[in-house]
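This report concerns only the one structure given below.
Values in this text are rule-based calculations from the coordinates and carry no lab data. Note that the structure is a prediction, hence the values are computed from the model and not measured. Please note: Cβ atoms are built from the backbone with ideal geometry, for glycine as well, and neighbour counts cover all protein chains shown.
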Amino acid sequence: MSTTTTKPVRASQLSTALARDRLGVAAVVFFVMSAAAPLTVVAGVVPTGLAVTGLTGISVAFLAVAVVLAVFSVGYVAMARHIANAGAFYAYVAQGLGRPLGVGASWVALLAYNMFQVASYGGFGAIAAPLFQEWFGVEIQWWVLALAAWALVAVLGVRDVAVNGKVLATLLLTEIALVAAFSVADLFVSGFEASAAPLDPTSLTGAGAGALLVMAVTGFVGFEQSVVFSEESRDPRRTVPRATYIAIALIAGLYAFAAWAMISAAGPTVVDRAVAEGPELFFNLASDRLGGTALHLGHALFLTSLIAAMISFHNIIARYAFSLGREGVLPRAFGRTVPGTGAPKNGSLAQSVLGLTVIVLYAVQGWDPLVQLFFWGGTGGGIGVLLLITVTSFAVLGYFARHRHAESFWHRIGAPVLGTVLLLGMTYLALTNIATLFGVEPGSAPTWVVPLAYGVVALAGVVWALVLRAGRPQVYAGIGLGARSASTGGFTAAMKEGAQP
Amino acid sequence: MASPPQLPLADDLFLTAHDTVKGRSLLSPATLGLGLAVALLGELILWRRLDLRDGRLTVLDDRPTAEAATTAVLGQMLREEHHRQIRDWIAFLGTGVATDLVERRLARTGLVHRQERRSLLGGTKVTFVPADSMTAGWPASRIRTAVARGELLDVPDLVFAGLVLATGLDQHVLVTLDTRERGLLFDQIRRRLPAMLQELVGHAEAAVGDAVMARRA
C-alpha cells in the first residue's frame, strides 16, 4: 500500500504527534476483554447453562468456537484495513453484500446487543438479591437491585465516558486473576476427578451441539470490537490482527480451563448441583479450599463484573446508535452528543428506556430473572451475534471478490471460505437447537420468537434501506460509512439534501 | 450600540465555547481542540493561503499571514509537505496545538486572561478564560440576531455557524432558534457558503464523530 510505505525524509512533528496517540497490542486486547466480562461468563453463563441444558461439553465448545472465530478474523481484520467504520458488522455487510442487507444487519446488531444489555440487568438482580440477604440480612426483590444497577448505568451513560475506562480495566484484571485462582483451587477440591466430558469432541456433533456452541459464542462477544482501532493502531497490518487473535486465545483458554475445572470438581452430579446452586456453584466449589474471605471477594467481584459488562455494553450500543444517527439510518437525533463530554446522549437514553421497560415487564409478569432474562437474553443475543458473524463472513468474501487490494489469497479467499462454511454449520446447529438451549419444549414460544424477531428486524432494515434509496439517495449512499466519514454527517447531508438535521 | 470588531474565526469559536459567567469550556478538550484546528485551517482558506479539495489541502500562497497563529500553522504545513490529508492535520492540530495557538493569540489581545488554579493533587492547572462576558457572548448573538432579522451573514460567520453546529455548541448557543430560523440559517449556509468551506465543516463534523466512536471525545 502506497500510504504506509511513504517514508518521511526527516522527523515529522505531525507523524510523531499522531503516533503518540496510537494504540499498541496490549491496549487493544485490554479493550476487547473488558467487554467480555470473564466472571459473568464463567460463574453466570456456564453454571446456568449446565442447569438449563444438562450439557457438559462446554470446554470443547469454547475451544471450537475460538478456532472458528480465529479463522473468521483473518478476513475480518484484513477487510477492516480497507473500509471506514470498521468497528461495526453492518459496515462490512453494507460494503460486501450491499446497503440494504447492511441496514438489516445494523438493526439485528442493535437487537442482539440490547438483549445482552437487558440480560445483564436480570442477572445482576437475580445474583445480587441472595447476596444482599447473606451480607446485610435484608430481603430485596431482584428488580429493585436491577433498577439500581440500571440507574447507575443510565447516569454513567449520559455523563463522562472516559472515567469508565480505568475502572473497567482495574476490574477486569482482578476478575481474570480471580477466575484463574478459583479454577486452580478447584483442582485441589476433595472430590476432584479430571473429567473428560467437558472436552469430549463428540459433544459437538451430538444432540445439543448447537446449544453448547451458542453458549460459547456468547462468551466471546466483544472480540469484534478490536477493529474499532484499525485506523489508530501503531501498525495497521499487525496490531489489530495480533490483538484479535490474542484476545480470542486468552478468552478461550481461560473459559475452557475454568469450565473444565468446575465440572471436574463438582463430580458426576454436576448438573444437579448446577440446578440447585446456580451461579453459586462456581464459588461454592472453590471456597472449600480458599475460605470465606475469598468467597466474599468473589461475590463482590461477580457483581462488579456484571456492572462492568453493563457499562461497557451500554457504551457500545450508544455508539452504535450514534453512528447510525450520523449516517441518517436512525433519526439524526441519535447522532448528537453532550458537548461537554462527547457522550452519545440520545443513544444512551434510548437504551436506558428499553432496559427500564424490560425490567418492569419481567417484574410485573413475575418471570424468572436468572433463566428467562439473564440466560435467555444472553444466549438469544449470542444467536444474533452468530448470525451477524456469519453474514459478515459472506460480506468479506463479497468485498474481496470485487476489491483485490494487496491482500494474500489466504486473507481474501482461503480463510473467509473456510470460516463461512464453519459458521454456516454453527448457525444451522444453533437455530435447530434453541429448545435445548433454552430448556423448553420443542416448538414452544421462545424457540421461534427469537429467530422470528431477528428475521423481522432484518427484513424491516432492508425495507428501510430501499425506502431511503428511493427517497433520500444522499443518506442511502452513506450507509455503512459511519461517523468518521465527511460525506455522511448531518451537516453534509443538510447541504446536499436541503433537509435540516 | 457600536459592535465590537469581528474577530478571526478561531477566536470567535474559542469565546463561544466558553461559559460567559465562569469561563468554563462548554466542550470537552478534545472536541474544542478539533473545532479550533478546523477554524485555523478555515482562516488560512479565507486568507487564500490554502485550498481544500477531496480531503486534500494545497498551499496556494506561502507568504505569512498578518498574524502569528495562522502563520505558525502555514509554516508547519510548508515543513511537512508530504502530509496533505486534512484529516491528519485536524488530528494533529487537535491534539492541543490549535488550542494553544488560539489561547495565546487571544491573550495577546487581552480578550482572555490566564488563570492558574491549584488542583487537589498539588499541580497547577492553567486555563484561559474570557476577560469580558460581553465579548465572549458576542459571536453567537451576532448569528442569532442576523438570523432572527433575516439578514445575510458574511462568509466567515457562515463557517463559524457551521463549526458551532459541527462541534455540538449549537445545543448551548443556538437553542433559542426556532425551526423556521434554523431552516433560514441552513439555507444561507447551503446557498452562500462556498463548496470548499462546506467540505471543511463536513470534515470538522466527521472528526468530532470519529473522536466519539474511538472514545476520545
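Per-structure values
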| item | result |
| --- | --- |
| FRET efficiency estimate (nearest 0.05) - Cβ-Cβ, B:Val59 to A:Phe409, R0 35 angstrom | 0.25 |
| Degrees between helix A:376-402 axis and first principal axis of chain A (Cα, 0 to 90, nearest 10) | 30 degrees |
| Inter-label distance, nm, simple model (7 Å from Cα along the C-beta direction), A:Val360/A:Gln13 | 5.7 nm |
| Those residues of the range A:103-142 whose amide nitrogen sits under 20 Å from the label point placed on A:Ala460, 7 Å along Cα→Cβ | A:103-119 |
| Dipole magnitude of chain B, debye to nearest 20 (Cβ charges: Lys/Arg +1, Asp/Glu -1, about Cα centre) | 420 debye |
| Student exercise, the range A:26-497 dipole from Lys, Arg, Asp, Glu Cβ charges, in Debye to nearest 20 | 2100 debye |
| Average silhouette area of the range A:26-497, convex hull of alpha-carbon atoms, in square nanometres | 21.4 nm² |
| The range B:84-115 residues near the modelled B:Thr124 label - backbone nitrogen below 16 Å, point 7 Å along Cα→Cβ | B:113-115 |
| In nm, spacing of pseudo-spin labels at A:Ala333 and B:Arg149 (7 Å Cα→C-beta vector) | 3.4 nm |
| Trypsin sites (Lys or Arg not before Pro) restricted to the range A:402-458 and DSSP loop, no more than 12 other C-beta within 10 Å | A:Arg404 |
| Contour excess over end-to-end distance, with Cα ends at A:Ala181 and A:Val138 and 0.36 nm allotted per residue | 12.5 nm |
| Cα gyration tensor shape of chain B, rounded if a/c is under 1.5, else prolate or oblate by comparing a/b with b/c | rounded |
| Karplus-derived HN-Hα couplings along the range A:118-128 (A = 6.51, B = -1.76, C = 1.60, θ = phi - 60°), whole Hz, x at Gly and Pro | 5, 4, 5, 5, x, x, 4, x, 5, 7, 6 |
